[in-house]
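Reviewing the structure listed below.
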């Protein structure tokens, strides 16, 4: 593995889903659930759930670009959530559940813009993509009990009915990117 790790922050509904998918991606070295681009420093889950802090539930990914490229990561991202619903993923409704790509590297912005343009031109989805693409302004780690939530709580109702199908979809559609044993 390369010592030159990169990071990107992604929001696609509940962070438990994104965490569960991306911890299984070969080349992703770390996944941290948290709150991105809001107006309150060190927000709590309860504060973010009000929808008044401006944060998105998100995951910050560290990845080794010699193993997996950002475009592949973004293709997995778009395939495992609905980027066409504004402030909503399934029954999770509110601005904290918006779809977003938050970058620190201008090259990452270009990769995301190119993929977004391609997905729109190819009409990959039945509706326009509403994923926001913005610089990462801030990221606050979520409380410890949100980290690795699916791994620690696989039989919890939300995990069984919402998270597990997304993980299964990833495994089927992106088997070439699956970590050994994941």
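Values in this text are rule-based calculations from the coordinates and carry no lab data. Here the structure is a predicted model, which is why all the values come from computation and not from measurement. Heads up, the Cβs are rebuilt from the backbone with ideal geometry, glycines too, and the neighbour counts pull from every protein chain shown.
Of all DSSP beta bridges in the chain, what percent run antiparallel (nearest 5)? Could you put the intermediate results ahead of the total?
Numbers: 23 of 27 bridges.
The antiparallel proportion sits near 85 percent.
Could you pull out which residues in the range 70-91 have an amide N less than 16 Å from a spot 7 Å beyond the Cα of residue 105, following the Cα-Cβ vector?
Output list for this probe position: 70-75.
What's the percent breakdown of Cα-Cα distances in the range 135-182 across 5 Å bins, shortest bin first?
Per 5 Å bin, starting at zero, the Cα-Cα P(r) for the range 135-182 comes out as 4, 17, 19, 19, 18, 16, 7, 0 percent.
Given 4 °C and 1.567 mPa s, compute D for the range 6-174 with the Stokes-Einstein relation, Rh being the Kirkwood radius over Cα pairs; round to the nearest whole µm²/s.
On the way: Rh = 15.8 Å.
Estimated diffusion coefficient is 82 µm²/s.
What does the extension gain come out to for residue 91 and residue 75, with contour length at 0.36 nm per residue minus their alpha carbon separation? Intermediate results must be reported in sequence, preceding the final value.
On the way: separation 16, 0.36 × 16 = 5.76 nm, distance 2.32 nm.
Between residue 91 and residue 75, full extension yields an extra 3.4 nm.
Using a basic spin-label model with each label point 7 Å from the Cα along Cα→Cβ, how many nm lie between residue 137 and residue 123?
Spacing of the two 7 Å Cα→Cβ label points: 3.6 nm.
Measuring from label point to label point, each 7 Å out along Cα→Cβ, what is the residue 67 to residue 155 span in nm?
Those two pseudo-labels are separated by 3.1 nm.
So how far, in whole Å, is the C-alpha centre of the range 37-55 from the one of the range 132-182?
Using only Cα atoms to place each centre, the spacing works out to 21 Å.
Give me the distance in nm between label points sitting 7 Å out from Cα along the Cα-to-Cβ direction at residue 49 and residue 114, one decimal.
4.1
Most mobile of 53, 84, 124 per a Gaussian network model of the chain (Cα springs, under 10 Å)?
124
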